[in-house]
Each structure stands twice: as structure tokens, then as C-alpha cells.
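Chemist: After the C-alpha cells below, expect a handful of questions from me.
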Ligand SMILES: [Zn+2]
């Protein structure tokens, strides 16, 4: 027989939560050194993600990439892989747990298991001032997935080909010289740059609101490994009303790749240079 509602239900709900993963226990990296390296870094490559489309870029290890919002009214969906091994890619779930639901200066973006490496670190975020608003919303989320034609079909019964999932797939296929069918399985949950999102306080449903970004806002990352990135300029534009359609004005985003004037030395730690022995206790 199922348990009845307990008489001490309020007490059970009132238990104080504890943070699952203490950020203070993560291996330390020298953020000031990474920020100093960005200050005198030189732009060595620049790509533009056109509206409702995506662009690929490569970042050597120890370089930076900066995503710039020239207009301000635009959000982007970002995928990242280890350039040397596409099986190692950005892992939104563990980044969310290790860092937060929205990332900003000082946060690392982590790769999937069995790697679980910091792929990159946010070294500058011009939207760091936004913080967390009264709705629980914030920017640069790692909780959403990416707008996609499959969900759109379920919700609207229509085919739309310029969702971020499709934009990322087309751009990756073109960059790698493979079919969209071969490229699609590599596309994964994204970093929603500039997007302002959260969960509704009453029903915990995923919400979006117009990005607070202004013209010239940017977010900059230090690459710990050689990276392949793809950025989609979301068909949702500022994501203040709709997405997965042609209704909202949409603008380009830019990615700059920057080389530091001299190599950036960051602290290393065996927890970063080594990894779990493997085996999972079997045999
Ligand atoms: Zn999108």
C-alpha cells in the first residue's frame, strides 16, 4: 500500500538543501593569468554566424575565443568539441552541476565522460552585471538544449529547417565535408550564449525572456585544449517572444579567435592532468 501524505510533510519539505558539488573543491586554475593574457591578445581569425545559420571555428590550445553580439538583439547556440577527438565534447549536464545553470566569468565548461576535462574557462563576460533576476532568470544558460525541428514538429506539426540544431548540423557537415546524416549525431546540448532563461518559480517550466544584451556585448573563453566550435545565430533572435520560425528579427553573431602575446601559464593539478583509473569496479 502506498504511503499516505505524512503528517510532517511541511517539516520534510523544510529540510535545508546542500550544494551537491562544492565549486571550492574544483582544481584551481589561474584566472588572473588567463585574463591578463586576453588583455594583449591579437585577433587571428574571425567568423560570422549569419542570421538563422551557423559557422564553425577552430581555437588552438592556449588561445581564446570571443563571441561578440554586434547588434545586441541576438542569442546564440554554441557547440564545442576537442578538435582532436569529436567523441570528446561539451557536457551541459555536468557543467550545470559543477558550475551553475548559467555560466559567467571564472566558470569552466566541461567535457563528457570518460574525459570530464575543462574544455574552456570563461575569462570575461560583459553581462556579468545581470546576475539573477526576480524571476530566477540569468544569461548564458547550460540548461536548455537547442531549438530543433523534431520538437517543433511535435508542437506545431510543421517542418522548419533553420532551428539551431539544423544550423549546427549543416555547418558541421560542411566544415567536415560529411553528410548532414553523419554530422547530426555529433551535435549536442549547447551553451545558450546571451540567452536569458530560467525555470518558472511556480511550475518549474523552462522560460526565456528577451536578452539583456546590448550592441557590443561579448563573452570570452580561454581554450584549455584545441577546440572545434560551431555557433548558431538562433532563429529566436533575442528570444523575447518565439523561436523555431521566421517571425522574429534575427541578427549575426561574430566569433573572434585570439592569440596571446606570450603563452599563458596556468596552474596544473593532478586532478586535471590525470583521471579516474576506469574499470568501474568490475572484475
Ligand atoms: Zn535556437
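Just so it is clear, none of the values below were taken in a lab; they were calculated from the coordinates. Everything numeric in this text was worked out from a predicted model, so none of it was measured. When we count neighbours, we look across all protein chains shown, and the Cβ atoms used for this are built from the backbone with ideal geometry, even at glycine.
Chemist: Can you tell which of 165, 140 is surrounded by 16 or more Cβ atoms within 10 Å (Cβ to Cβ), out of contact with any helix residue (DSSP H, G or I) (no Cβ under 9 Å at 6 or more places or on another chain) and touching a residue at least 12 places away in the same chain (Cβ under 8 Å)?
Modeler: Within the list 165, 140, the selection yields 140.
Chemist: If residue 6 satisfies all but one of (1) in contact with a helix residue (DSSP H, G or I) (Cβ under 7 Å, 6 or more places away or on another chain); (2) surrounded by 10 or more Cβ atoms within 10 Å (Cβ to Cβ), what's the number of the condition it fails?
Modeler: Residue 6 satisfies every listed condition except (2).
Chemist: For the stretch 243-269, give me each residue that is within 11 Å of the ligand (Cβ to nearest atom), in contact (Cβ under 8 Å) with a residue 60 or more places away in the chain and closer than 21 Å to residue 217 by Cα.
Modeler: 250
Chemist: Please specify each residue of the stretch 9-29 satisfying the condition of being surrounded by 10 or more Cβ atoms within 10 Å (Cβ to Cβ), touching a helix residue (DSSP H, G or I) at 6+ places or on another chain (Cβ under 9 Å) and in a loop (DSSP other than H, G, I, E, B).
Modeler: The answer is 21, 26, 27, 29.
Chemist: Hey, can you tell me all the residues within the stretch 224-242 that are crowded, with 23+ Cβ neighbours inside 10 Å and either within 13 Å of the ligand (Cβ to nearest atom) or in a loop (DSSP other than H, G, I, E, B) (or both)?
Modeler: 230, 231, 232, 233, 234, 235, 236, 237, 238, 239
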